[in-house]
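The values are calculated or read from the model by the stated rules, or taken from the named source; none is laboratory data. It should be emphasised that the depicted structure is a prediction, and the values quoted were computed from it without experimental measurement. So basically every Cβ, Gly included, is an ideal-geometry build from the backbone, and we count neighbours across all protein chains shown. Each accessible area value is taken on the protein alone, full model and side chains, heavy atoms only, with ligands, DNA and RNA left out. Shrake-Rupley method; radii C 1.70, N 1.55, O 1.52, S 1.80 Å.
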Amino acid sequence: MKKIVLILLTFTFLSACKDATPSNGKLNIVTTTTMITDLVNQIGGDKINVEGLMGSGVDPHLYKASEGDVTKLAKANLIFYGGLHLEGKLVDVFEKMERQNIKTIAVSDALDKKTLISSALFASNYDPHIWFDVRNWERITTFVVQKLSEASPENAAFFEENGKKYLEKLKALDAEIRTIISKLPEEKRILVTAHDAFNYFGKAYGFEVVGLQGLSTATEAGVQDVQNLANFIIDKKVKAIFVESSVPRRTIEALQAAVNSKQHQVEIGGTLYSDALGNAGTVEGTYIGMFKYNVNTIVNALK
Ligand code: ZN
């Protein structure tokens, strides 16, 4: 018994040390999706080390942790992830990290459950694609500032300042999105994509949104789904449908073929960034750049 207590005490002591004194004086932070990686970098700047597990074009619904990922996670002072079962195959890994006293933070905890869109397709019962309403991202920005400041109080003023500047940029982005969309006649605001990533976007910016696959890319669209959606496109005279960067192109091509086989035409309006940003170092590799690119692509193809 004494031995167990001693081991427990040693463990607690070691993990307390790890929290208090990160290896090179900076917090080691591990993030999941590129959207979260970008946000944490915007706020943390050079005061933190950020390691994003998922790169551009990676689908978070299907992502499994590699051995290397588990090593990175085990060394982290903080882990930021989406939550609401966005990273459906990482839930066990996060629970394991919690048991090792590593703080894991779901950014979706920043949002009031009442503002979330319900979905029976996810174990969380909510649609996890929360980043497609800029106002959600504003709340999450404030939340990340708070969490980083708690973990590294000596840098709190720095995080606060970066958060303030970033919030201003997000407000400007929201206004710009609304201006671009206002040029598209209301009856043309129908967004057909490969999977249901854009429900928050639709709700926030006035689009009817239809995804070919269910909310998660883990569920394949059936033949009947394709036919029903093809009829919808013809009926509503939808000009263009969209591929997503993190979902195979063939699902949308099958839909286009179904419309064409009914003697109608629908274009592929471009590739949207849904569950991952563009390549790091490009404009679309940031949340703000990605959002503007998506909205311009949608409006140009549908007008
Ligand atoms: Zn998704």
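Karplus-based coupling profile of the stretch 62-75, in residue order and whole Hz: 9, 5, 10, 6, 7, 4, x, 4, 4, 4, 4, 4, 5, 8, with θ = phi - 60° in 6.51 cos²θ - 1.76 cosθ + 1.60 and x standing for Gly or Pro. Straight-distance candidates among the lysines for linking to LYS96, with alpha-carbon spacing under 30 Å and chain neighbours fewer than 8 residues away dropped: LYS2, LYS3, LYS18, LYS26, LYS47, LYS64, LYS72, LYS75, LYS113, LYS114, LYS147. With all protein chains in place and a 1.4 Å probe, the accessible surface of the stretch 159-274 carries 49 percent carbon and sulfur. Measuring spread by the Cα atoms of the stretch 18-123 yields a radius of gyration and Dmax of 13.9, 44 Å.
In the chain, helices alone account for a calculated mean residue ellipticity at 222 nm of -15000 deg cm²/dmol, with every DSSP H run of four or more residues adding -39,500 (n - 2.57). A straight Cα-to-Cα reach below 16 Å connects LYS236 with the aspartates and glutamates GLU186, GLU187, GLU208, GLU267, residues fewer than 8 places away in its own chain not being considered.
How long are the semi-axes of the ellipsoid equivalent to the chain, from square roots of 5 times the Cα gyration tensor eigenvalues, in whole Å, largest first?
Working: eigenvalues 308, 96, 44 Å².
For the chain, the ellipsoid semi-axes come out as 39, 22, 15 Å.
Ordering ILE43, ALA280, LEU255 by Cα displacement along the dipole of the chain toward the positive end leaves ILE43 in first place; charges were set at the Cβ atoms of Lys, Arg (+1) and Asp, Glu (-1).
Compute the accessible area per residue over the stretch 144-267, keeping the other protein chains in place, probe 1.4 Å, unit Å². Can you show the working numbers first?
Values: 6040 Å² over 124 residues.
Heavy-atom accessible area per residue stands at 49 Å².
When both the stretch 65-79 and the stretch 256-271 are represented by their alpha-carbon centers, they are found 43 Å apart.
Both radii are taken from the alpha-carbon atoms of the stretch 166-246; with Rh as the Kirkwood radius, Rg/Rh is 1.03.
Take each peptide in 205-212, 79-86, 115-122, count the other Cβ atoms within 10 Å of every residue, and average; sorted highest first, the result is 79-86, 205-212, 115-122. Ligands, DNA and RNA are left out, and with a 1.4 angstrom probe the accessible area of the stretch 49-132 is 45 Å² per residue.
Note down the magnitude of the dipole of the stretch 2-176 about its Cα centre, charges +1 on Lys and Arg C-beta and -1 on Asp and Glu C-beta and zero elsewhere, to the nearest 20 debye.
On the way: 21 positive and 23 negative charges, 131 e Å.
My answer is approximately 620 debye.
Toward the positive end of the charge dipole of the chain, with +1 on the Cβ of Lys and Arg and -1 on the Cβ of Asp and Glu, the farthest Cα among TRP137, SER66, PHE232 is that of TRP137.
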